[in-house]
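What follows is a single structure, written as structure tokens, with notes after it.
Since every read-out is calculated from the coordinates, none of them should be taken as a lab result. These figures come from a predicted structure and were not determined experimentally. Cβ atoms come from the backbone with ideal geometry, glycine included; neighbour counts cover every protein chain shown.
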Amino acid sequence: MARKARSILTQMLVVCACLLGFAPAAQATPSASLHVAFAPERLGHSTTIELTLQIAAPAGQILAPLTQLDILYPATLGVDAGELGLASCPQTTLEVLGPAGCPPDSRMGSGSALAEIPIGLETLHETAQVAVLRAPEAEEHLALLLYATGTTPVFAQIAFPGLLLPAPAPYGARIHITVPLIPGLPGGPNVSLLRLYATLGPLGLTYYEHVHSKLVPYKPRGILLPRRCPHHGFAFNATFTFQDGSQAHAHAVVPCPR
């Protein structure tokens, strides 16, 4: 009976606190931004998509680690129509040998990442190089791997698996990326991603083919832009999911080329 009375009293105190304006404040969510560009911007031609994503923690809070990232892109982009990822690289090979152990024709892009590592009252920052590679298909979906290599202050080599999945209209598909938790320094919290820059396309890539018993380098065709631009430009959308269950959203539009 005493336990029940304490429970009722607790509920009454919570209600009274809410009525008086003392209800606990809702947990603020991180903010995020998305920037997208085409290089080059020529309708009807091959291009490279450049993605820049940034995340910021709420004021006075530590940023929760990112666990999932979904990037939706327009149906008018010919992501599957180019020559990117003619070969594939299994994640096990990538983790043992690194990008150098994968076929050159498995590379689909590159980039960089910026992460923060909380240490007590201080925060350290680390920059990592990112390689984007084609992975073997998973459940009949085109798969890719983002491989990040950081050296200081934390040495880490992390593979982020991704899948090209269906998306609701007006988008054509979405890139679903799973971000593993990255341990920080011993005894400290996990690493939090602040910024990710990645390309998807032939920019900076060289493929090879056999011609008359010789290995000849060439530039692969990339993402195919349509001959006509959508009325309101090329719309992209990103959803960021964090370890604490919170989410952030960002939207970007690439204007029609002149």
Item checked: Ellipticity estimate at 222 nm from DSSP helix runs (n ≥ 4, -39,500 (n - 2.57)) divided over the chain, nearest 500 -> -3000 deg cm²/dmol
Check: Taking the Cα atoms of the chain, what is the range of coordinates along each of the three principal axes, in descending order and whole Å?
Finding: 90, 48, 34
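At 0.36 nm per residue, minus the direct Cα-Cα distance, what do T92 and S31 gain on full extension? Give it in nm, one decimal, please.
18.6 nm
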Next item on the list: Evaluate E = 1/(1 + (r/R0)^6) for L181 and E41, where r is the Cβ-Cβ distance and R0 equals 41 Å; express this FRET efficiency to the nearest 0.05.
Entry: 0.65
Note to self: I need the peptides 87-99, 184-196 ranked by packing, meaning the mean over residues of other C-beta atoms within 10 angstrom, with the highest value on top.
What the structure shows: 184-196, 87-99
Next item on the list: Could you tell me whether segment 207-250 comes out rounded, prolate or oblate from its Cα gyration tensor? Rule is a ≥ b ≥ c as square roots of the eigenvalues, rounded for a/c under 1.5, then prolate if a/b exceeds b/c, otherwise oblate.
Entry: oblate
Notebook entry, point to check: For R227 and K214 in one chain, what is 0.36 nm times their gap in residues minus the Cα-Cα distance, to one decimal in nm?
Noted result: 1.1 nm
